[in-house]
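Report on the structure given below.
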Amino acid sequence: MEHEIQRRRTFAIISHPDAGKTTLTEKLLLYGGALGLAGSVTARRNQRATASDWMELERQRGISISSTVLQFEYRGHCLNLLDTPGHRDFSEDTYRVLTAVDAALMVIDAGKGIESQTKKLFEVCRRRGVPILTFINKLDRPAREPLALLDELEDVLGLHSYPVNWPLGNGVDFRGVFDRRQRQVHLFERTPAGAFRAPVAIHDMSAPEAREALDPRVRERVQEELALLEGAGASFDRAAVLAGELTPVFFGSAVNNFGVELLLDALLELAPPPKARMAGARVVEPDDPGFSGFIFKIQANMDPKHRDRMAFLRVCSGRFQRDMQVHHTRTGERVRLGSSHKLFGRDRETVDVAWPGDVVGIVGRAGFRIGDTLAEDEGLVFDEIPPFAPECFAFIHSDSTAEFKRFSKGLEQLLQEGVGQSFLIENAQQRVPLLGAVGPLQFEVIQYRLSAEYGAQSRIENAPWTAVRWIEKGVPPAVLPTGARLAVDSIGQPVILFESEWSCEHLQRREPNLRLSSLPPSAARSAGVAPA
Ligand SMILES: Nc1nc2c(ncn2[C@@H]2O[C@H](COP(=O)(O)OP(=O)(O)OP(=O)(O)O)[C@@H](O)[C@H]2O)c(=O)[nH]1
Ligand SMILES: [Mg+2]
């Protein structure tokens with residue numbers, strides 16, 4: 001078991017939208033031998049078909065909407081890679097994924113530096129103590145000065161950095177990278193559309209080939225920069241990396257396969273194997289003999305051939321065995337984990353055994369919710385995955401009586417996946433579900449999926465509220481601030497909807513006995529549609 005644990009690396013790729021996470025994922029798979037051709041080439045023009053962006057809507061838009069798990073073997077290691085969506089409106093999914101990994105790979109666009117969403121995601125990693133590796137991407141385009149980018153990591157994120165390699169030029173002059181630890185120059189050649197592994201020539205910095213490949217000005221500048229870095233004397237400290245205080249930095253261009261192999265090799269070396277996890281006051285070590293894990297994501301209809309619901313289980317300790325009996329600690333039931341899968345984007349394969357660090361897809365268990373613990377020890381409960389407070393609200397209507405049943409079923413399943421939360425307005429004339437989400441794009445996704453997966457058309461009617469508070473204690477006053485409304489969440493807990501944060505604060509000041517909370521008081525995640 002120790003061997004299986006030590007050879008596992010489970011990490012998420014995170015960043016601001018468009019920095020190149022999905023492209024880099026694809027290239028890591030290419031170098032990992034898990035894909036013959038990276039997706040960009042098999043795709044028709046303007047239409048991508050990557051292993052991780054498998055949802056039709058993702059392909060149409062060229063953005064990631066939902067996180068994806070890809071497991072593959074590389075150099076005796078077993079990697080569980082999770083590609084995440086960068087868009088803020090889908091960040092709840094990304095945050096949940098960050099609870100299930102042992103490291104994060106932060107991608108930065110070299111021309112743009114650290115963008116807002118990267119900063120937010122980084123803060124989540126820091127709070128959780130997740131070690132971070134940094135890939136500075138798109139060096140094939142005009143980029144900022146590499147030293148300025150490192151300063152930005154320090155100033156904006158407060159993160160010390162250690163550049164493991166250094167770019168040789170940028171934009172059209174970009175030729176490759178210098179590996180500071182091996183003191184070697186890696187010169188790359190471009191391949192058509194970056195579909196194949198980029199041929200690499202490795203030389204000493206002073207070798208004639210290196211001299212020839214580099215423009216003398218670029219060479220001079222790189223040598224100055226390297227001297228500066230050596231002078232600054234920051235040494236590489238693996239303990240600081242594991243503590244999340246120091247990030248190893250890699251430069252490259254995912255689309256051209258520059259620097260991808262160096263990054264992949266370094267991931268094996270620098271990202272940690274599965275770590276201990278907290279369950280209340282208990283520390284669960286990966287090599288604890290009893291199996292344990294938790295559900296961090298639910299996704300229905302991944303494969304049009306099997307219209308089913310997949311729960312993503314992160315194994316935390318012990319050995320997972322197909323058909324094993326475990327405790328589902330939220331309900332107290334004993335369940336048999338019969339249908340277990342290894343995942344590769346939308347593809348799945350039955351898996352009989354899994355180890356700590358692995359993500360296993362379980363189908364056929366309608367009772368599982370996000371955050372649920374599954375364990376041999378019935379007393380074990382992993383720390384909850386905090387739900388998000390929605391900031392955007394809309395009513396969702398079904399205008400066709402013929403489709404109403406499909407509409408309700410679809411909506412219920414999508415809400416169980418956690419794509420949004422549902423509320424019902426108190427004393428409303430019609431019982432139309434009110435949806436709450438982090439951002440409005442999520443409503444479009446819900447509408448699209450209702451139509452594509454359940455054959456139900458729907459209509460969205462935007463609602464004016466921007467904040468919701470659960471009533472923890474006290475009775476709401478007869479007169480609420482302008483625009484505020486009483487409602488209940490999907491399990492009947494009372495809430496107040498506000499048109500602004502300011503209006504909410506105003507009520508709090510006026511009613512000191514009323515205790516409001518931005519998160520539901522019940523530990524049970526509110527899932528499913530409100531009882532009609
Ligand atoms: N020039 C250049 N473009 C790149 C590079 N890597 C990725 N891109 C392009 O950047 C765009 C966004 O890439 P994605 O990989 O989809 O970005 P992402 O971070 O997954 O985006 P979201 O998942 O939607 O947040 C695509 O058009 C890529 O082709 C690179 O190294 N150089
Ligand atoms: Mg993506």
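Bear in mind these aren't lab numbers, they're just calculated from the coordinates by the rules spelled out. Only a predicted model underlies this, so the values are computations on that prediction, with no experimental measurement involved. Reconstructed Cβ throughout: ideal geometry from the backbone, glycine too, with neighbour counts over all protein chains shown.
Tabulated results
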| quantity | calculated |
| --- | --- |
| The chain: Lys pairs at Cα distance under 21 angstrom, eight or more positions apart or on different chains | 18 |
| Over segment 392-527, volume per residue of the alpha carbon convex hull, in Å³ | 101 |
| 0 to 90° range, to nearest 10: angle between helix 441-454 axis and the chain longest Cα axis | 80 |
| Selection from Ile496, Leu374, Tyr448, by position along the positive dipole direction of the chain (Cβ) | Tyr448 |
| Length added when fully stretched, Ser206-Arg75, from 0.36 nm per residue minus Cα-Cα | 44.1 nm |
| Angle in degrees between helix 216-232 and the longest Cα principal axis of the chain, rounded to the nearest 10 | 70 |
| Nitroxide proxy distance, nm - points 7 Å out along Cα→Cβ at Ala428 and Ser235 | 6.3 |
| Label-point separation, Thr401 to Glu472 (7 Å along Cα→Cβ), nm | 4.6 |
| 222 nm mean residue ellipticity, helices alone, for the chain (DSSP H n ≥ 4; -39,500 (n - 2.57); rounded to 500) | -7500 deg cm²/dmol |
| Value of relative contact order over the chain, rounded to a whole percent, pairs C-alpha under 8 Å and six or more apart | 13 |
| Cα-based helix-to-principal-axis angle, 260-270 vs the chain, degrees rounded to 10 | 70 |
| Pairwise FRET efficiency - Glu391 versus Arg510, Cβ, R0 = 22 Å, nearest 0.05 | 0.45 |
| Most to least packed among 311-324, 341-354, 204-217 [average Cβ atoms within 10 Å] | 311-324, 341-354, 204-217 |
| Rg over Rh, two decimals, the chain (C-alpha only, Kirkwood Rh) | 1.00 |
| Contact order relative to length of segment 392-527, as percent, for alpha carbon pairs under 8 angstrom and 6 or more apart | 29 |
| Calculated log₁₀ intensity ratio I(q)/I(0) where the Debye formula runs over C-alpha points of segment 277-375, q = 0.14, 0.17 Å⁻¹ | -0.48, -0.70 |
| Environment charge at Ala254 (Cβ cut-off 11 Å; Lys +1, Arg +1, Asp -1, Glu -1) | 0 |
| Which of Leu150, Leu411, Leu519 has the fewest Cβ neighbours within 10 Å, and the rest in rising order | Leu519, Leu150, Leu411 |
| Segment Leu519-Ala148, length gained on full extension (0.36 nm per residue, minus Cα span) | 129.6 nm |
| Sorted by Cβ density within 10 Å, fewest first, the residues Trp470, Trp465 | Trp470, Trp465 |
| Label-zone membership for segment 259-277, site Gln184, 7 angstrom Cα→C-beta point, backbone N under 18 Å | 259-270 |
